[in-house]
1. Does Val93 count as open to solvent by 20 Å² or more (accessible area, probe 1.4 Å) and either within 16 Å of the ligand (Cβ to nearest atom) or in a strand (DSSP E or B) (or both)?
2. Does Arg81 meet the test of being of a type outside the set (A, V, I, L, M) and under 19 Å from Met1 (Cα atoms)?
3. Kindly state which helices (runs of 4 or more DSSP H) lie completely within region 111-203 and contain at least 3 residues that are over 30 Å from Asp229 (Cβ atoms), open to solvent by 10 Å² or more (accessible area, probe 1.4 Å) and not small (Gly, Ala, Ser).
4. Name the residue that is least open to solvent (accessible area, probe 1.4 Å), counting only residues in region 247-274 that are more than 23 Å from the chain's Cα centre (by Cα) and charged (D, E, K, R).
5. Is it the case that Arg212 is open to solvent by 60 Å² or more (accessible area, probe 1.4 Å), more than 21 Å from Ile269 (Cβ to Cβ), touching a residue at least 24 places away in the same chain (Cβ under 8 Å) and not in a loop (DSSP other than H, G, I, E, B)?
6. Looking only at region 102-119, how many residues end up being away from the ligand (no atom under 16 Å from the Cβ) and of a type in the set (Ser, Thr, Tyr)?
7. Give me a count of the residues in region 231-243 that are open to solvent by less than 10 Å² (accessible area, probe 1.4 Å) and out of contact with any helix residue (DSSP H, G or I) (no Cβ under 6 Å at 6 or more places or on another chain).
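The values are calculated or read from the model by the stated rules, or taken from the named source; none is laboratory data. Small disclaimer: the values here were computed from a predicted structure and weren't measured. Counting neighbours? That spans all protein chains shown, and the Cβs are built from the backbone with ideal geometry, glycine included. Just so you know, the surface numbers come from the protein's heavy atoms only, side chains and all, with ligands and any DNA or RNA stripped out. Shrake-Rupley method; radii C 1.70, N 1.55, O 1.52, S 1.80 Å.
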Amino acid sequence: MSTATATAHPNIALIKYWGKRDEALHLPTTSSLSMTLDIYRTTTAVTVGECESDEVWLGDARAPIAFGDRVSRFLDVVRSRAGDDRRARIHTVNTVPLGAGLASSAAGFAALAVAAAAAYGLDLDRRALTRLARRGSGSAARSIHGGFVQWHRGIGDETAGDESSFAEPVDASGLDPALVVAVVSAAEKPISSGEAMRRTMRTSPFYLPWVRSAEEDLAQMRAAIGVGDLRGVGEIAERNALGMHASMLGARPAVRYFAPGSLRVLDRIVELRAEGVTAYATMDAGPNVKVLCERSDAARVAAALADIAGVGDVVQARPGPAAAVVTG
Ligand code: PMV
């Protein structure tokens, strides 16, 4: 029997990943760029060789069957690389509401990839870990690293070279940002990100224009990060996210994650900017709004959002750590 435990944190994309060009390998249509957070940690333990079939636990309860199957398929990738077909018990403790567009799958599959690789004795470098985590959930590739991270679209998976689809850290030492999360709803989303991506790609006339603009957004964002220009980073992040949601609204039938509370938060952010605060919004596959601002403005932004009808918790985050094996 062997056990390994790992932790990981969610990441929020400032340049979004929306659409897979290869469903099985989770190869993205576009490159993306994110910030790993220091909140909502996930801790996952993998114990190999004690049970006949995979057992997946979320806290004290067995995971729903569909989720357990997804974890098992991911472990099959690890097992085939390790040449070890023993089953495993997975025990995950999340501090983030699941399935609400708060990136629970990114932290979850990053922690699982690191713990499973260690428990099955795979000796993988960080780049290989990002490629492995990607197989669980695309955005999980980015949570392998801390701070700002770029996930390269790449040209394939089968090679370990620069051309494969992996994630790597981006030097953002010129920025001192915070991300304020306004929780509009922590309920599970009505449509999964995977299904929503497929529908957008297949049916939205606005998807390809968004893909084209995302390339330019990424180049401009890299330049803004390089010179420590948080306002530029925020402007690009907000337009990239709203463009992604516009492409979803154009799907048939439309995919809409905005709730009335989300729109009120977006209005308040426009007002904050008029008051001179550098604050920009981004949204994922859910109604929650994440606001990028200067670390020194985070408390002011959080207070402004907490008063809005329809907003529940408001949580302040900063750049967080890489996924890691927990020792001792
Ligand atoms: O990795 P998934 O399937 O949960 O996709 C996440 C997609 C977004 O959160 C909407 C954007 C992103 O880049 O994280």
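1. yes
2. When the stated conditions are applied, Arg81 passes them.
3. Qualifying helices (runs of 4 or more DSSP H): 126-136, 193-203.
4. Within region 247-274, the match that is least open to solvent (accessible area, probe 1.4 Å) is Arg268.
5. Answer is no for this residue.
6. Residues flagged as away from the ligand (no atom under 16 Å from the Cβ) and of a type in the set (Ser, Thr, Tyr) within region 102-119 amount to 0.
7. 3
Let's see how each residue does on (1) farther than 15 Å from Glu235 by Cα; (2) charged (D, E, K, R):
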{"site": "Gly261", "(1), (2)": "yes, no"}
{"site": "Val270", "(1), (2)": "no, no"}
{"site": "Glu275", "(1), (2)": "yes, yes"}
{"site": "Lys290", "(1), (2)": "no, yes"}
{"site": "Val315", "(1), (2)": "yes, no"}
